[in-house]
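Notes to accompany the following structure.
The values are calculated or read from the model by the stated rules, or taken from the named source; none is laboratory data. What you are looking at is a predicted structure, and each value in this text was computed from that prediction instead of being measured. Here the Cβ is made from the backbone with ideal geometry for all residues, glycine too, and neighbour counts use every protein chain on show. Just so you know, the surface numbers come from the protein's heavy atoms only, side chains and all, with ligands and any DNA or RNA stripped out. Shrake-Rupley method; radii C 1.70, N 1.55, O 1.52, S 1.80 Å.
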Amino acid sequence: MSISVSRANAFAPPDQNLLLQTLPPDVRERVAQRLTLVRLEHRQTLYEPDSIIHRVYFPLNGVASLLAVMGDGDMVEVGTTGNEGMVGTPLILGVRTSAQEAIAQIPGDALAMEACAFVEEIERHDAFDHLVRRYLHGYINMVSQTAACNRLHEVESRCARWLLMTHDRANSDTFPLTHEFLAHMLGVRRAGVTVA
């Protein structure tokens, strides 16, 4: 279910998106008019591999995962996003699809914008375009670091990193998690997570 959000409360503390908060006030006001508050449920698909991205999401207090899905159905998490960023980054580069799947990892609220509106706004406002491009650069660096960690670090270290990053982004000491789900996120067998 979606409900409209007024500009006044779209950016109200404590649940706010830090990326949007960074925008100059006049641009933030303009962008806020095109946002809708949505509730993201656990494991809700935000977009599927090789499908059109219809919306971008700016998480407020939940966490989204970007998953690489293999031909045999196995998947591994290659990136996460919390209230520091956005989901739907291919649109920044003018690409309407993604090779990955995006899901809500930790339930929470997000501000959503239709993809066409997002593209219009980054074309209209240099400050918005510059900000999301800088975010994309940082996100690519994080994905690269995740790939390196997945190859070079033991499961215990990777599990600790994942739990700490999720804890920071969930803004809560508790969040729904199973060994099986964490195993998928880390790309290991469930037994490996249990030992870790």
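Distant-in-sequence amide contacts of ARG55, defined by a placed amide H-H separation under 5 Å and a gap of 5 or more residues or a different chain, comprise ALA115.
The mean sequence separation of alpha-carbon pairs under 8 Å and at least six residues apart, normalised by the residue count of region 32-102, gives a relative contact order of 40 percent. Taking a sphere under 15 Å around the Cβ of THR80 and counting the other residues whose Cβ falls inside, with K and R at +1 and D and E at -1, yields a net charge of 0.
Taking Cβ atoms as reference points and 10 Å as the exclusive limit, the residues near GLN105 contribute a net charge of +1, counting Lys and Arg as +1 and Asp and Glu as -1. Evaluating kT/(6 pi eta Rh) at 25 °C and 0.890 mPa s, with the Kirkwood radius of region 11-93 over Cα pairs in the Stokes-Einstein relation, gives 173 µm² s⁻¹.
In order along region 47-58, the phi-based Karplus estimate (6.51 cos²θ - 1.76 cosθ + 1.60, θ = phi - 60°) of 3J(HN,Hα) comes to 7, 9, x, 6, 10, 4, 7, 8, 9, 9, 10, 10 Hz; Gly and Pro are listed as x. Normalised by the number of residues in region 14-149, the average gap of Cα pairs under 8 Å and 6 or more apart makes the relative contact order 34 percent. Extension gain, ASP72 to ASP168, is 31.3 nm, computed as 0.36 nm per intervening residue step minus the present C-alpha separation. If you sort the three axes of the alpha carbon gyration tensor as a ≥ b ≥ c, you get a/c of 1.5 or more for region 92-148 and a/b no higher than b/c, which makes it oblate. Using the 1.4 Å probe convention, the accessible area of region 72-167 works out to 46 Å² per residue with neighbouring protein chains retained. The share of accessible area on region 52-130 that comes from carbon and sulfur is 53 percent, using a 1.4 angstrom probe. Amide H to amide H distances under 5 Å link GLY62 with ASP109, where only residues 5 or more positions off or on other chains count and H is placed in the peptide plane. Taking a ≥ b ≥ c as the square roots of the eigenvalues of the alpha carbon gyration tensor, region 57-130 is oblate, as a/c is not under 1.5 and a/b does not beat b/c.
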